[in-house]
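A.B. asks: Below are the structure tokens for one structure; questions will follow.
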Amino acid sequence: MVGSVSTTPLPRLPRRPPGPGGPGGTAGPEFPGRPVARIRRWYENELGWTTVPGEPLRLVTGLRFDVLDVPAEAGTAALRHLTGASPVALRGDRMLILVAAGSAEELPGLLDWLEWGALALDLTALGADGRMAAPLPPEPPGLPGQSSPGTRPPRSPRPAQGAAVWLRPPEPGYEVEASLPTLSAVGGVGGAPDLVRLVDTVATGCHRIRLRRACARPPLSQPLAFS
């Protein structure tokens, strides 16, 4: 005998509300109004750069490039040693200069050779297994807000305060390695930017900032001497 089939409707599970980024992925605090998943695809597919899973969106250093993290003031003076295609980003009062992979490992020895090694400079490097905050792309293809031909391109949304932004963005379809400062370009050999000149200029700028801050400090009060 076949049992009767219950016709009682199953309870409906609550629907998961869509993220603020819609089907393209949630919009993180660094990219208001820009789906993070599409930005990730821009970095991975258009540039061939490796990103870190999850949010906030970060780039893996040490594979195709390393990063010099310096005060923006010191980095600005060193821009003349780069090419127009050399990627540079800003994050607050810091400048992130992309350099050839392996440069972070060479930095301590290079500073010693340039006679900067004995000083405590505000200069760090991200190399193998490092993580760099992904700057907001300059309206990459496929992202919302793209204008149609013949119309004025829309203004990019303002990134969150302290988020990284590109000062000189990378170019899709262009091998970034050719534009990165490297030790093999010492003396202008090979056409790539010279890492030695870049580091020396940045270190000089960091030292000037250090001296200026030291001079701006109020002198320590001396105890009064009584005879």
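A.B. asks: Lys and Arg at +1, Asp and Glu at -1: add these up for the other residues within a Cβ distance under 11 Å of LEU114 and post the number.
C.D. replies: After counting each charged neighbour, the total is -2.
A.B. asks: Spin-label point model (7 Å from Cα, Cβ direction): what's the ARG131 to THR83 distance in nm?
C.D. replies: Taking the two extended label points, one gets 3.2 nm.
Rule-based calculations on the coordinates, nothing more; no lab input. Just so you know, these numbers come straight off a predicted model, no measurement behind them. All Cβ positions, glycine included, derive from the backbone under ideal geometry; neighbour counts span all protein chains shown.
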